[in-house]
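Asks: Mind having a look at this structure? Questions to follow.
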Amino acid sequence: MSSNIQAELGRLAIILLLACLAQPASRAQSGRKPQGKQPSEKPIVRLETREVVIPLRAYDADGRFVDDLTTRDLIVLEEGESRPVSSVKREPANIVVVLDLSNEIGTFKNGPTQRYEKDDRPIWEKNRDYSIVARPTTRELAENFISKISSGDHVAVIQYSDKVQMVQDWTSDYRRAIGSISSKYRVGIKAGFYDAMKLAAEKLQSRPSGRRVIVLVSDGLDSASRTGRSQAMSAIENSRASVFVVGWAEAIKREIELSMSWMSSHEARTSTSIERLTELRRYLPQLDAAASILRDLAESTGGEIWLPPDHTGMIKSWQPLVAEIGAQYSVSFVTENKPSLEDNRSIQVLPARKGLTVRSRRNYFAGDQAGRRE
């Protein structure tokens, strides 16, 4: 056999050997499943993060506002897990003022009852002169507060009694807002409290940026709403608003107790007077229960509550209101948007600086956060 033929046969043998070796790899790539147990494929996990913004106030050891807060001064826990704080800054506020103008058991909210020193009788008991109060307490408080808010803030005003009314839509012109209150101020009998709170939350949802604040001047009682309590509270939580409350409970209790004392001492015990006294006594524990609900609402949203003892204290409440709202920071932290059946997440903000005290909301609604990072 010639050398050429031998060389050709050698090349053929090598080609056949390579083809045999390549068959298992070819079968593995042909789509056929190889025999034996194969490791399962790991799912690809994509982490999505969001930047959450919450309001916060900070105080030093003497109770004074802290104006030099930084990201290093705070620790944020979400559902018990630490989250990085990305920014601490000042922002303008969007403030909805909600005014309770209901008078279900009498006009105790208009102003303090004026009585003669000699016999402690109300003025109207003697001369039947039902004088009109120049500026009812709620109106005076609201106008004083609005006139002192920061120039960059926006305000809207809602009043409620038998029905809920938008007195002033969003404006940065405080004179315009005060003029609207003056011209549209109308008292009523019943209280649409939950309807008003739901409307306030909806108004805040329309604001794309800035802090969200509700200033509530109310006794917290409801007698006319179509909205239920849980629905109204859920709307407030979803709006991420801080609720600052000036509550009527103590001031009205004082007026009621004075009225009951006078009636018991000076009026004959008729069926009408007995019925009136019973109505007033029944109202007192309702005020206490409503004040407890308002206190929890303020604390859970990072706000504050004041329960002044009288009308003078109610009017002067505009001063701490302006100070507390003006001292708010906007704190941002980054969170992983993990799948969850519960969109409402608990948060806790702790101070990392010695002598620092902070106040913030207890939870936030995850579905309302717009900032996103991937």
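The values are calculated or read from the model by the stated rules, or taken from the named source; none is laboratory data. This one's a predicted model, so the numbers in the text were calculated from it and none came from an experiment. Positions of Cβ are generated from backbone atoms using ideal geometry, with glycine treated the same way; all protein chains shown enter the neighbour counts.
Asks: Check off (1) surrounded by 14 or more Cβ atoms within 10 Å (Cβ to Cβ); (2) modelled with pLDDT under 95 for Ala93 and give me the number that stays unchecked.
Replies: Only one criterion is unmet by Ala93, namely (2).
Asks: For the range 182-192, which residues satisfy the criterion of being crowded, with 16+ Cβ neighbours inside 10 Å and out of contact with any helix residue (DSSP H, G or I) (no Cβ under 6 Å at 6 or more places or on another chain)?
Replies: Val187, Gly188, Lys190, Ala191, Gly192
Asks: Name the one entry in Glu250, Glu202 that is over 17 Å from Ile158 (Cβ atoms) and assigned to a helix (DSSP H, G or I).
Replies: Among Glu250, Glu202, only Glu250 is over 17 Å from Ile158 (Cβ atoms) and assigned to a helix (DSSP H, G or I).
Asks: Still on this structure, I have one more. Show the residue pairs meeting these rules: Cβ distance below 6 Å; 6+ apart or different chains; first residue within the range 77-93 and hydrophobic (A, V, I, L, M, F, W, C); second residue part of a loop (DSSP other than H, G, I, E, B) and surrounded by 15 or more Cβ atoms within 10 Å (Cβ to Cβ).
Replies: Pairs that qualify, where the first residue is hydrophobic (A, V, I, L, M, F, W, C) and the partner is part of a loop (DSSP other than H, G, I, E, B) and surrounded by 15 or more Cβ atoms within 10 Å (Cβ to Cβ), are Val88/Leu69; Ala93/Asp153.
Asks: In this structure, is Arg207 at pLDDT 95 or above, in the same structural domain as Asp100 (by TED's automatic domain parsing) and part of a loop (DSSP other than H, G, I, E, B)? Full working, then the answer.
Replies: Details: at pLDDT 95 or above: no; in the same structural domain as Asp100 (by TED's automatic domain parsing): yes; part of a loop (DSSP other than H, G, I, E, B): yes.
When the stated conditions are applied, Arg207 does not pass them.
Asks: What's the total number of residues in the range 41-59 that are more than 19 Å from the chain's Cα centre (by Cα) and modelled with pLDDT under 95?
Replies: Here is the first cut: in the range 41-59, the residues more than 19 Å from the chain's Cα centre (by Cα) are 41-50, 59.
After this cut, where a residue has to be modelled with pLDDT under 95 as well, the list is 41-50.
Result for the range 41-59: 10.
Asks: Kindly evaluate Val98 against the criterion of being assigned by TED's automatic domain parsing to the domain that holds Val245, under 23 Å from the mean Cα position of the chain (by Cα) and either under 19 Å from Arg240 (Cβ atoms) or modelled with pLDDT under 95 (or both). Show your work before the answer.
Replies: On the way: assigned by TED's automatic domain parsing to the domain that holds Val245: yes; under 23 Å from the mean Cα position of the chain (by Cα): yes; either under 19 Å from Arg240 (Cβ atoms) or modelled with pLDDT under 95 (or both): yes.
Taking the combined requirement at face value, the residue satisfies it.
Asks: So which residues in the range 160-190 are more than 19 Å from Asn144 (Cα to Cα), under 21 Å from the mean Cα position of the chain (by Cα) and either of a type in the set (Val, Ile, Thr) or not in a strand (DSSP E or B) (or both)?
Replies: Once the filter is applied, which keeps residues that are more than 19 Å from Asn144 (Cα to Cα), under 21 Å from the mean Cα position of the chain (by Cα) and either of a type in the set (Val, Ile, Thr) or not in a strand (DSSP E or B) (or both), the range 160-190 yields only Val164.
Asks: How many residues are within 23 Å of Ala298 (Cβ to Cβ), among the aliphatic types (A, V, I, L, M) and in contact (Cβ under 8 Å) with a residue 60 or more places away in the chain when one looks only at the range 246-288?
Replies: Qualifying residue count for the region: 4.
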